[in-house]
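Let me begin by presenting the structure, written as structure tokens, before commenting on it.
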Amino acid sequence: MRGGPSVLGIVLAGGEGKRLLPLTADRAKPAVTFGGTYRLVDFVLSNLVNGDILRMCVLTQYKSHSLDRHVSTTWRMSSLLGNYVTPVPAQQRLGPRWYLGSADAILQSLNLVHDERPDYIAVFGADHVYRMDPRQMLAQHVENGAGVTVAGIRVPRTEASSFGVITPGADGVQVERFLEKPADPPGLPGDPERVFASMGNYLFTTKVLVDALHRDAEDENSVHDMGGSILPMLTERGMAQVYDFQENHVPGESAREHGYWRDVGTLDSYYDAHMDLISPEPEFGLDNRRWPIYTHPGQLPPARFVAGGIATDSIVSPGCVIRGQVSRSVLSPGVVVAEGAMVQGSVLHDNVRVGRGAVVRGSILDKNVDVPPGATIGVNPARDQELYTVSKNGVIALGKGQPVV
């Protein structure tokens, strides 16, 4: 940030994403396709770049090849200005071990911090769908002199066991308690059925983070996790504050989109977030030119609709050929829907082929799935349950290239 404080972005992108299987069977969760042409990691990187944080390290670990390749080929910054986005795989710099947790991942990568010498460090997660201007969070952090500022969002108490839960002080800013994924979380004062959940986005004063990481490394009982270890430690020391995501305003957003944030860590939440994109008045739109989500769509021709093919309330990416009927669906590049085929309420990844007369409903098909002519998915629930992965809410998922029976 020219003329302002220097900020290094560290994006935590090493998670396995087990709850998103089979989509994560062959790739890291941040590399999973979203919205047709994007990867999940594109959302956090776009927010940081749009917010003038132009030097970023993406820490990777599990099944990271496609993620590393995407970041390396897509996110090329100006070397003339010294800006960069670089994937950083696990390197075992502190001995023959992989990352023990997200805090240990940063500890093992402190050479990046020492080389850059930033005033502040933005540690953001890589698998959420949202828009956020990090400059506004940074302004609060600097003004209040916090050691760490964590972004918080109000969620129903029934969902809180999946998140870090923040108990704010009387001033609404100081963090009194930070509980990582509690079974029985306390509700907010005056709103007992909701909690302040951590979004997994943190802003640290550099010295505070470095000291906390070294202190945590010496604790044999620590889980070495940002939410499970570092935030509780700094909360006890009175150095943690919360930033209310509802106070964040992104240029070009609609009133309906304001405050939108989705953790797409399960098949159901991943599917629901796609349905948010294609509603008549989308809860989250991809066409905000004042705060764009960047990616590289590839060199493909425009989508074609031939032989009476139609698509309604859908996203259809370049390279698609539609001869059948598509409704309430998201199609990634290269999808082919043959004559007489029907695709309804589904998410199809790259190069999926739906044969003549086939039916696909309420499904997520990973790349290169070939649905034979006349086959059905999402028509016979009992049969689908036997053959494929079916989520709690009944969403059917097929992995990369999985045969359709």
Express in Å², to the nearest 10, the accessible area of Met275 obtained by rolling a 1.4 Å probe over the protein heavy atoms while all chains stay in place. 30 Å²
More than 12 Å apart - percent of Cα-Cα pairs taken over region 40-90: 63 percent
Quick check: at a probe of 1.4 Å, how many percent of the accessible area of region 140-290 sits on carbon and sulfur atoms? 45 percent
If you average 1/r across every pair of different Cα atoms in region 157-312 and take the reciprocal, what Kirkwood value do you get, in Å? 19.0 Å
What list of whole percents do you get for P(r) of the chain, with Cα-Cα distances grouped in 10 Å bins up to the one holding the largest distance? 5, 22, 31, 24, 13, 5, 0
Using per-residue counts of other Cβ atoms within 10 Å, averaged over each peptide, order 287-300, 110-123, 24-37 from highest down. 24-37, 110-123, 287-300
Please give me the summed charge of the neighbours of Pro189: other residues whose Cβ is under 14 Å from its Cβ, Lys and Arg +1, Asp and Glu -1. 0
Which order do the peptides 378-386, 8-16 come out in when sorted by mean C-beta neighbours inside 10 angstrom, highest first? 8-16, 378-386
Rg and Dmax [Cα atoms of region 103-230; Å; Rg one decimal, Dmax integer]: 15.1, 46
Cα radius of gyration and Dmax for region 39-127 (Å): 13.0, 37
Explain nothing, just compute: Karplus ³J(HN,Hα) = 6.51 cos²θ - 1.76 cosθ + 1.60, θ = phi - 60°, for every residue of region 16-24 in order, whole Hz, x for Gly and Pro. 6, x, 4, 6, 9, 4, x, 5, 9
If you only keep lysine pairs separated by 8 or more in sequence, or across chains, how many in the chain come under 22 Å at the Cα atoms? 16
For region 309-405, projected area of the alpha-carbon convex hull averaged over all directions, nm²: 5.1 nm²
Filtered GluC sites (Glu not before Pro), region 170-242: DSSP coil and at most 13 other beta carbons within 10 Å: Glu193, Glu218, Glu220
Taking only the alpha-carbon positions of region 221-370 and ignoring solvent, what does the Debye formula give for the base-10 log of I(q)/I(0) at q = 0.13, 0.15, 0.20 Å⁻¹? -0.72, -0.86, -1.22
Semi-axis lengths (Å, descending) of the ellipsoid that matches the C-alpha gyration tensor of region 241-287: 20, 16, 7
Convex hull (Cα only) mean projected area of region 237-315, reported in nm² to one decimal: 9.0 nm²
Once you list every other residue whose beta carbon is under 13 Å from the beta carbon of Val49, what net charge do they have if Lys and Arg are +1 and Asp and Glu are -1? +1
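For the chain, what is the accessible area per residue in Å², given a 1.4 Å probe and the full set of protein chains?
Using a 1.4 Å probe on heavy atoms only, each residue of the chain averages 43 Å².
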Out of every Cα-Cα pair in region 110-173, what percent are more than 18 Å apart? 54 percent
Treating the Cα atoms of region 198-274 as identical point scatterers in vacuum, please give the log10 of the normalised Debye intensity I(q)/I(0) at q = 0.15 Å⁻¹, two decimals. -0.73
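The values are calculated or read from the model by the stated rules, or taken from the named source; none is laboratory data. Here the structure is a predicted model, which is why all the values come from computation and not from measurement. No Cβ is skipped: glycine too gets one built from the backbone with ideal geometry, and neighbour counts run over all protein chains shown. Note: areas computed on protein heavy atoms with side chains; ligands, DNA, RNA excluded. Shrake-Rupley method; radii C 1.70, N 1.55, O 1.52, S 1.80 Å.
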